[in-house]
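**Student:** Dropping a structure here in structure tokens format, bear with me for questions.
Quick note: the coordinates plus some simple rules give every number you see, no bench work behind them. All values derive from a computational prediction rather than experimental measurement. Cβ atoms come from the backbone with ideal geometry, glycine included; neighbour counts cover every protein chain shown.
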Amino acid sequence: MKQRKLGSQGLVVSALGLGCMGMSEFYGFGEESESIRTIHEALDAGVTLFDTADMYGYGDNERLVGKAMRNRRGEAILATKFGFVRDPQRPGERRISGRPEYVRSACDASLRRLGIECIDLYYQHRVDTDVPIEETTGAMAELVVAGKVRFIGLSEASAQNVRRAHAVHPVSALQNEWSLWSRDLEENDQLATARDLDIGIVAYSPLGRGFLTGAIKSPADFGSGDFRKNSPRFAAENFEKNLRLVREVEAMAKRLRCEPSQLALAWLLTQGDDVVPIPGTKRVPYLRENLGALEVRLSADDLQELDAVFPPDAASGARYPDMSFVNR
Ligand SMILES: NC(=O)c1ccc[n+]([C@@H]2O[C@H](COP(=O)([O-])OP(=O)(O)OC[C@H]3O[C@@H](n4cnc5c(N)ncnc54)[C@H](OP(=O)(O)O)[C@@H]3O)[C@@H](O)[C@H]2O)c1
């Protein structure tokens, strides 16, 4: 498995990671046994980076990942996140906390659920605009000193906040949505800032939450708890427009003799050696297909063609129903 460096603090991970979120929430239901098989298959294939967060499934996702890793902890780089405060009694509500005492208690809770002594990569999931980021990062730095965390990261933090945090403690990774249809970070200075500071980029939702694979044909495909049901990108008024873009990806993938999912991931892998996509799946066949992206070579002409059929601002609809939670 090809390796990539995230940041300049010594963190090295497989070029593709595995996103575990959908195993517990947001994209329909799955069997725990199948999810665990998928994690084990990923480990067997040499995937080392596994991504979870305390808020996924109200802690269930960390428990699941911890269970799957029980006898294989040494093979994995476990990444988790804190920051979203949720109450199962009020599923529609979200709060964000970056208060130092909250950071400490969230970390202890994640360690307990994962059943491990140290988190390899600990992200602030979203910046708390009521707490100076220096205070939150300071608390994360103390966790490193205490041996509870090895490397720190940020998710969806603005360029300015990335710089402020990095001045307190070196940030190894910036995790952002990045894919053919989500390219904000290229335009809003986050990418340039990360590169300036030698911070690695972890690209989340690299398959456009499944859409770029061509497998989603209609908004009616989503069940009631599915995040995509309420996402502007998948809303009826945008769905058909976005599907036309996916048809172009499918046609190009056919010409290149690969799957659309592999083309979408190969495009990201080609953006730089500092980029690690973390496609999410709870199914072994999808995992195998996605890992095939590592073998897809894109020429400069291919990249130009993709840029022409899928320009940066081509997607219709916002990434989130409430964009106030991103780029804080
Ligand atoms: N930092 C953040 O704020 C943030 C936000 C979102 C996600 N994330 C992380 O990023 C990871 C990846 O993102 P994501 O899961 O949101 O989106 P994604 O990787 O773009 O897409 C996941 C969806 O695509 C489907 N899929 C995967 N491979 C496929 C294939 N080869 N063919 C057809 N369908 C396929 C999956 O189906 P199945 O579910 O049926 O397998 C799932 O519904 C997450 O797991 C999570 O760890 C972070």
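**Student:** Multiplying the sequence separation of Glu117 and Val85 by 0.36 nm and subtracting their Cα-Cα distance, what value in nm do you get?
**Tutor:** 9.2 nm is the gain from fully extending Glu117 to Val85.
**Student:** Cα-Cα over 19 Å: which of Lys81/Lys148; Lys254/Lys282; Lys67/Lys282?
**Tutor:** Violating the 19 Å Cα-Cα cut-off are Lys254/Lys282.
**Student:** Here's another thing I want to ask about it. Cut-off 10 angstrom, C-alpha nodes, Gaussian network model of the chain. Which of Ala53, Ala165, Ala300 fluctuates the most?
**Tutor:** Ala300
**Student:** So what's the angle, to the nearest 10 degrees on a 0 to 90 scale, between helix 236-255 and the longest Cα principal axis of the chain?
**Tutor:** With rounding to tens, the tilt is 70 degrees.
**Student:** Next question. Rounded, prolate or oblate for the chain? Axes are the square roots of the Cα gyration tensor eigenvalues, ordered a ≥ b ≥ c, and the cut-off for rounded is a/c under 1.5. All intermediate terms of the calculation are to be shown ahead of the outcome.
**Tutor:** On the way: a/c = 1.38, a/b = 1.35, b/c = 1.02.
Because its axes are fairly even, with a/c under 1.5, the chain counts as rounded.
**Student:** Still on this structure: Under unit Cβ charges (Lys, Arg +1; Asp, Glu -1), what dipole magnitude, rounded to 20 debye, does the chain have relative to its Cα centre?
**Tutor:** 620
**Student:** Which percent, nearest 5, of DSSP beta bridges in the chain are antiparallel? List each step's numbers first, then the result.
**Tutor:** Values: 7 of 34 bridges.
Once the DSSP bridges in the chain are tallied, antiparallel ones form about 20 percent.
**Student:** Please give the length that would be gained between Glu295 and Ala192 if that part of the chain were fully extended, namely 0.36 nm times their separation in residues minus their C-alpha to C-alpha distance (nm, one decimal).
**Tutor:** Length difference between fully extended and current span is 34.4 nm.
**Student:** Oh, and also: From the residues Tyr204, Ser261, Gly147, which one has its Cα farthest along the dipole of the chain in the positive direction, the dipole being from +1 and -1 charges on Cβ of Lys/Arg and Asp/Glu about the Cα centre?
**Tutor:** Going by the charge dipole, the pick is Gly147.
**Student:** Please list, in chain and number order, the residues 5+ apart from Leu11 or on another chain whose amide H is under 5 Å from its amide H, with Hs placed from the backbone.
**Tutor:** Leu6
**Student:** Per the helix-only calculation at 222 nm, which mean residue ellipticity applies to the chain, given -39500 (n - 2.57) for every DSSP H run of n ≥ 4 and division by its residues, nearest 500 deg cm²/dmol?
**Tutor:** Theoretical 222 nm ellipticity from helices: -11000 deg cm²/dmol.
**Student:** Once you have the Cα-Cα distance between Ala215 and Arg95, take 0.36 nm times their residue separation minus that, and quote the gain in nm to one decimal. Walk me through the numbers before you get to the answer.
**Tutor:** Working: separation 120, 0.36 × 120 = 43.20 nm, distance 3.29 nm.
So the chain would gain 39.9 nm between Ala215 and Arg95.
**Student:** Once you charge only the Cβ atoms, +1 for Lys and Arg and -1 for Asp and Glu, what is the size of the charge dipole of segment 46-202 about its Cα centre, to the nearest 20 debye? Mind showing how you got there, number by number?
**Tutor:** Working: 21 positive and 24 negative charges, 136 e Å.
I would put it at about 660 debye.
**Student:** Picking from Met55, Phe310, Ser179, whose Cα lies most toward the positive end of the charge dipole for segment 3-325 (charges on Cβ: Lys, Arg +1; Asp, Glu -1)?
**Tutor:** Met55
**Student:** I need the peptides 66-75, 152-161 ranked by packing, meaning the mean over residues of other C-beta atoms within 10 angstrom, with the highest value on top.
**Tutor:** Working: 66-75: 14.3, 152-161: 23.3.
My ranking of the peptides, most packed first, is 152-161, 66-75.
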